[in-house]
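Here is the structure we will look at.
Every number here is computed from the coordinates shown, using simple stated rules; none is lab data. Keep in mind that what you see is a predicted model, and the values were worked out from it rather than measured. Neighbour counts are summed over all protein chains in view; Cβ atoms, including those assigned to glycine, are modelled from backbone coordinates with ideal geometry.
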Amino acid sequence: MDYRDLPIRDDLRELTPYGAPQIDVPYPLNTNENPYGPPPELVADLARAVTEAATTLNRYPDRDATELRKDLADYLGHGLTVQNVWAANGSNEVLQQILQVFGGPGRRAIGFEPSYSMHRLIALATATEWISGLREGDYTLDADKAVAAIEKQRPNLVFLTSPNNPTGTAMELDVIRAVLKAADAVGAMVVVDEAYFEFARPGTPSALTLLPGVEGAQHPRLIVTRTMSKAFAMAGARVGYLAADPAVIDALLLVRLPYHLSALTQAAARTALKHVAALLGTVDAVKAQRDRIVAELTALGLDVVPSDANFVFFGVPGGDQQALWRKVLDHGVLIRDVGIPGRLRVTAGTEEETTAFLNALKESL
Ligand SMILES: *Cc1c(COP(=O)(O)O)cnc(C)c1O
């Protein structure tokens, strides 16, 4: 039977599921994971922590994940406390909870594309209308145009992604400030998705500095989302989090499922946070490979977008990205076709993986 013959919601009929290919290849460089596995000391510590948590699995976990949220607040700094932080199974679940509270039928969210496709998909899955705002030709966001779009569309939610995925560049704080001012005027929440913040080039300020109480800023409708899936090398553990005014977290409690974050997940995340230095120690190596990709592709004459993330977005000579994607895959290197004509995205890997990609690309061009 076709699922469309089932009585699914009419508004879901036009959707297609999220589907980055999961192909078994020697060089998976398509979903922006950290190429370095957790260090052995962390793996050993995880085994101990999970064993300990296992002795209490007959009981429900701490519903509010208080200790984990404390640890996350300490990691974020800026004077943030447990009351400013919320955690869930990946930042995608955090985003879903945000949309369940602030979106829904009769409400609308705007994002500026190309950007993270899940913002649109989760909006639609929660029956929130999605408005596609536009970026400039170089993929930056023009503050005046963003403000005009917010004033015209009067959304309930505004999504910004910085560093942006799939293009890679971080946003100026002034652009975020302008968006916050316009959003405040129409009563909209502003979500800044900082999934890749740890990879940003030196001097890139975080939107965390605009939260209430931080450096005297006053934006109670600002939500900054982060994840342990990228720099923290914990994509398989499924841990995402956000920082916001405590009232935002009180609102999220209305929709979160009871005990959504398992005792095993909480134990794993807290253990990983004890190894921050080792985990983030890989970030510089990844950034070096990212900068190497940017330099080499530029030398090949390709059109490359500056990257503050662990991936590079580049133009395909001749414009046929599907053909190039396939040829590179034939060399065992899986990169990402995000559906933007003439463009591909590649994740920075280890030095060896990056070399494999660069060789595959040169032979494929
Ligand atoms: C990878 C990514 C996420 C992370 O999702 P998780 O559910 O935390 O794994 C969030 N936002 C963006 C922009 C991403 O690229």
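Computed quantities for the displayed model
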{"read-out": "Shape category assigned to region 119-166 from the gyration tensor of Cα positions, a/c cut at 1.5", "value": "oblate"}
{"read-out": "GNM top mover of 333, 43, 94 - the chain, alpha-carbon springs below 10 Å", "value": "43"}
{"read-out": "Alpha-carbon radius of gyration plus Dmax, which is the widest Cα pair, for the chain in Å", "value": "20.6, 60"}
{"read-out": "Region 1-41: trypsin sites (Lys or Arg not before Pro) in DSSP loop, at most 12 other beta carbons within 10 Å", "value": "9, 13"}
{"read-out": "5 angstrom amide H check on residue 334, placed H, neighbours 5+ away", "value": "27, 29"}
{"read-out": "Residue exposure sequence - 60, 259 - by fewest surrounding Cβ within 10 Å", "value": "60, 259"}
{"read-out": "5 angstrom amide H check on residue 135, placed H, neighbours 5+ away", "value": "113"}
{"read-out": "Mean shadow area of region 1-81, taken as a quarter of the surface of its Cα convex hull (nm²)", "value": "11.6"}
{"read-out": "Highest-fluctuation residue, 332, 19, 213 considered, GNM on the chain with Cα pairs under 10 Å", "value": "19"}
{"read-out": "Normalised convex hull volume, region 53-202, alpha-carbon set, Å³ per residue", "value": "141"}
{"read-out": "Long pairs among 230/327; 230/362; 181/230; 230/287; 327/362, criterion Cα-Cα beyond 19 Å", "value": "230/327; 230/362; 181/230"}
{"read-out": "Solution diffusion estimate, µm²/s, Stokes-Einstein, region 123-258, Kirkwood Rh from C-alpha pairs, 20 °C, viscosity 1.002 mPa s", "value": "135"}
{"read-out": "The chain: most fluctuating residue of 22, 97, 218 per GNM, C-alpha cutoff 10 Å", "value": "22"}
{"read-out": "Highest-first arrangement of 23-34, 302-313, 188-199, where packing means the average Cβ count within 10 Å", "value": "188-199, 302-313, 23-34"}
{"read-out": "Trypsin sites (Lys or Arg not before Pro) restricted to DSSP loop in region 18-69 with at most 14 other C-beta within 10 Å", "value": "59, 63"}
